[in-house]
Amino acid sequence: MQSHIFPFLIITLLTTLSYVHTTEYPWHLDDQVNIVRNPPTQITELAPQTLWRSLFAHPVSGKLSRPVAHLSFALNYYFGKDDVRGYHAVNICIHIITGLLLYVSICLLLNSPAAKQPFSPRQVSLIALLAALLWALHPIQTQAVTYIVQRMASMAAMWSIACITLFLYSFRDLHPKRRLSILFLSLTCFLLALGSKENPVLLPISLLLIQLSFFKNDSRPLSRYLKWLLFIIVVFILLYAVYFLVSTGMIQQLTSSDYFYTRPYTAFERLFSQPRILLFYISLLLYPDPTRFSIDHSFQLSHSFLQPWTTLPAVIITISAFIGGLVLLKKRPLLGFPIVFFFINHMIESSIIPLELLFEHRNYLPSLFFFLPLSIGLFSLQNHLRTRFIQAAVCIFSVTLVLLFCAATYLRNTVWSSEERLWKDALSKAPENARPYSYLGRIYGWEKPKNEENLNKAIEYYKNAIGKYAPLRHFNAAIIGNIGSLYFNDQKYTEAAIHYKNALAMNPDYNPLRFGLAQTMIVQGKVEEALTHLDYVIDKDIEGREISRFYNLKGLALLWLHKPQQAQVAFSQAIIHSQEKVRFFYNLAVSSSHTGHYEHARRFFKAALRDTPTDIIIMFSIIENEIRDNNIEKAKKYAKNLYQVFNPDEIKAALTDKGIERRRYAPLDLERIRPFVLNQKMNLPNAEESP
């Protein structure tokens, strides 16, 4: 064990140096919907029910999805709330642990019976160290480590390599009971990997190949049973894959766009583009220039074997490489296994499943053993040519390569320092893609200071995105809807309504557009028309948390139509369908007050106020509820409390009738509240000097 301390320290130190500056970097992209705005992952206690709820944290459906990863996000929140540093620290630790386990697994492979390599124990350690460092310090891994939500990918890889390491260790000369316990731990790691992301489902194939290639002469009874068990599992996985493809209609619709209705390509086009994408991944791994990496790559689709012409050669090369790897497994497993492992672990995301074409983080698991052949080759050269020059050259080359990878990763990570920098980098590399323009539009429209200059820049970015290549078929409709949202936030409701309607004409089933249009119509006073759009979505009986927003907005519309009882029903439905129930308590309280259920309103107003204790509108509504209930003394008490929380100018400004702008919120009887609140100011001691 002492001989491994130095490699462990080197891997930990260099990986930390390459990533330590990222701990302050902000949230990006899907971080928001999966973590920041995902209530099930925001736990405040370690009670069984809250931990259980975090397993069902899919941001749309609320179903069980990647529970191990979501549980880790929940624990991050419990210990550090939404402090981004804690999330980054965990991601870096996962990356370091994965690198250490990769080192151990390579040592075990090099010491296996079938390795047949003339390496000393010191050389085995150095080969494993070099291969692990080149993997851990490669800039392609930054997307899986620095992009917080891709912990799903890195954690899946960590548990996968833990499974492989334990599986390899089980072939040592161990007591059968101890060996069985290690295999049980290996199985547990496999299940944890599946709970982090779906990709490791093919891991049993890799384990079977390891046993058949590296330990084929192991005649112990447990080894024989294990081989057949793995074979049965692999057959089951393959049969289930065939069943899945047939039952979902993927095979029948290989050339149809029906199944890929959300994507701008057919299943056939996606499948035939993947060999070229795999070769592109390999080129990134072999030539890791930081300027070649991006969050959004521009990639031409393959429409046939000859369009573009590079498709057929790419198909031939990838199939030949995979077959070559299988052939090498028999005689040179240390060279064949990394090749086969790479392609096997790309199979899920390189299939006809309707995912986006490519992302760099998809290489995190497949590339684990990618640099093992290079490392073996360098030390084999050193063994065959035993001259001081070759010894020094191999040493200098290895150290230089590691330091270059380290520098490249450090530089690539700096691009993630802000969303604006990340997307301007993507725009410079893929100006024909719509997504960089879209995200820059969002940054200027919502995240930068609100002024005319930033509004115009945001609209310009969005307009530049229209018509360019996008990962979704109805991306243009979403872009036009975003322009409508910008106008809505700028109180230009006529322009907002026009853009929402134009976007809906392009994609009538995109629910956020219908929500935006209904919201705009309520502000414009077209409440009945807004209700038709809300009911259109509600009647579709969509699943997940999105429906709660529509019930809530329907309740607001009904309040403005003076139908508080129906509004109460709508708000109750919003609460039922939402896991973040407290956000709708205020509106339910208003509707209860308007129906004369004053005590019921009090309970929900207090719950809403506990969540946002300095919301002056909630305080106004509490006063209105007491006035409606003729409880004047309580109303006076609450009005006096206002002046202990807010200064008189803030209260006076909040009491100003904002006309059409008021319709964005629940009705508030300012005519009744205003004189009452202002009169209480006159009764305060030293009213003119109230804080």
Quick one: would you say LEU517 is touching a residue at least 40 places away in the same chain (Cβ under 8 Å), surrounded by 21 or more Cβ atoms within 10 Å (Cβ to Cβ) and in contact with a Leu (Cβ under 8 Å, 6 or more places away or on another chain)? no
Out of the residues in segment 31-74 that are exposed (fewer than 15 other Cβ atoms within 10 Å of the Cβ) and touching a residue at least 60 places away in the same chain (Cβ under 8 Å), which is farthest from ARG421 (Cα to Cα)? SER61
So which residues in segment 578-620 are of a type in the set (Phe, Trp, Tyr) and more than 36 Å from the chain's Cα centre (by Cα)? TYR598, PHE620
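Of LEU203, LEU229, LEU222, LEU191, which residue is modelled with pLDDT of 85 or more, in contact with a helix residue (DSSP H, G or I) (Cβ under 8 Å, 6 or more places away or on another chain) and aliphatic (A, V, I, L, M)?
Sole residue among the options that is modelled with pLDDT of 85 or more, in contact with a helix residue (DSSP H, G or I) (Cβ under 8 Å, 6 or more places away or on another chain) and aliphatic (A, V, I, L, M): LEU203.
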Test PHE405 against the criterion of being surrounded by 16 or more Cβ atoms within 10 Å (Cβ to Cβ), in the same structural domain as VAL145 (by TED's automatic domain parsing) and of a type in the set (Phe, Trp, Tyr), and give yes or no. yes
Considering residues of segment 433-462 that are of a type in the set (A, V, I, L, M) and over 13 Å from ASP490 (Cα atoms) only, the residue surrounded by the fewest Cβ atoms within 10 Å (Cβ to Cβ): ILE443
Counted residues in segment 173-194 being among the aromatic types (Phe, Trp, Tyr) and exposed (fewer than 14 other Cβ atoms within 10 Å of the Cβ) come to 1
Taking segment 1-28 and keeping only residues that are hydroxyl-bearing (Ser, Thr, Tyr) and more than 22 Å from ASN413 (Cα to Cα), one is left with SER3
So, in segment 150-164, how many residues would count as being under 16 Å from ILE140 (Cα atoms) and of a type in the set (Ser, Thr, Tyr)? 1
If I filter segment 609-631 down to residues being closer than 19 Å to ALA574 by Cβ and in contact with a Ser or Thr (Cβ under 9 Å, 6 or more places away or on another chain), which single residue comes out as surrounded by the fewest Cβ atoms within 10 Å (Cβ to Cβ)? ILE618
Can you pull out the residues in segment 460-474 that are touching a Gly at 6+ places or on another chain (Cβ under 8 Å) and among the aliphatic types (A, V, I, L, M)? ALA465
From the residues in segment 556-572 that are part of a helix (DSSP H, G or I) and without any contact (Cβ under 8 Å) to a residue 24 or more places away in the chain, which one is farthest from ILE43 (Cα to Cα)? GLN566
Would you pick out the residues in segment 381-432 that are hydroxyl-bearing (Ser, Thr, Tyr) and free of Cβ contacts under 8 Å to residues at least 12 places away in the same chain? THR387, THR400, SER428
Would a scan of segment 616-627 turn up a residue that is in contact (Cβ under 8 Å) with a residue 24 or more places away in the chain and in contact with a Pro (Cβ under 9 Å, 6 or more places away or on another chain)? no
What is the residue count in segment 100-136 for residues that are over 18 Å from PHE337 (Cβ atoms) and crowded, with 24+ Cβ neighbours inside 10 Å? 2
Please go through segment 4-26 and pick out each residue that is farther than 16 Å from VAL104 by Cα and either free of Cβ contacts under 8 Å to residues at least 60 places away in the same chain or part of a helix (DSSP H, G or I) (or both). LEU13, LEU14, THR15, THR16, LEU17, SER18, TYR19, VAL20, HIS21, THR22
Can you tell me which residue is surrounded by the most Cβ atoms within 10 Å (Cβ to Cβ) among those in segment 320-375 that are free of Cβ contacts under 8 Å to residues at least 12 places away in the same chain and part of a helix (DSSP H, G or I)? LEU328
Tell me whether segment 555-565 contains one or more residues that are within 28 Å of the chain's Cα centre (by Cα) and either crowded, with 20+ Cβ neighbours inside 10 Å or under 25 Å from ASP611 (Cβ atoms) (or both). no
Under 6 Å between Cβ atoms, which residue pairs at least 6 apart in sequence (or on different chains) link something in segment 123-140 that is under 13 Å from LEU100 (Cβ atoms) with a partner that is assigned to a loop (DSSP other than H, G, I, E, B)? ALA131/PHE371; TRP135/PHE371
In this structure, does LYS116 turn out to be over 34 Å from the mean Cα position of the chain (by Cα) and of a type in the set (D, E, K, R)? yes
Which ones in segment 128-158 are in contact with a Pro (Cβ under 7 Å, 6 or more places away or on another chain) and not aliphatic (A, V, I, L, M)? HIS138, PRO139
Among residues belonging to segment 395-446 that are in contact with a strand residue (DSSP E or B) (Cβ under 7 Å, 6 or more places away or on another chain) and not small (Gly, Ala, Ser), point out the one that is nearest to THR146 (Cα to Cα). ASN433
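The values are calculated or read from the model by the stated rules, or taken from the named source; none is laboratory data. Note that this is a predicted model, so its numbers are computed, not measured. With ideal geometry, Cβ positions are generated from the backbone for all residues, glycine too; neighbour counts draw on all protein chains shown.
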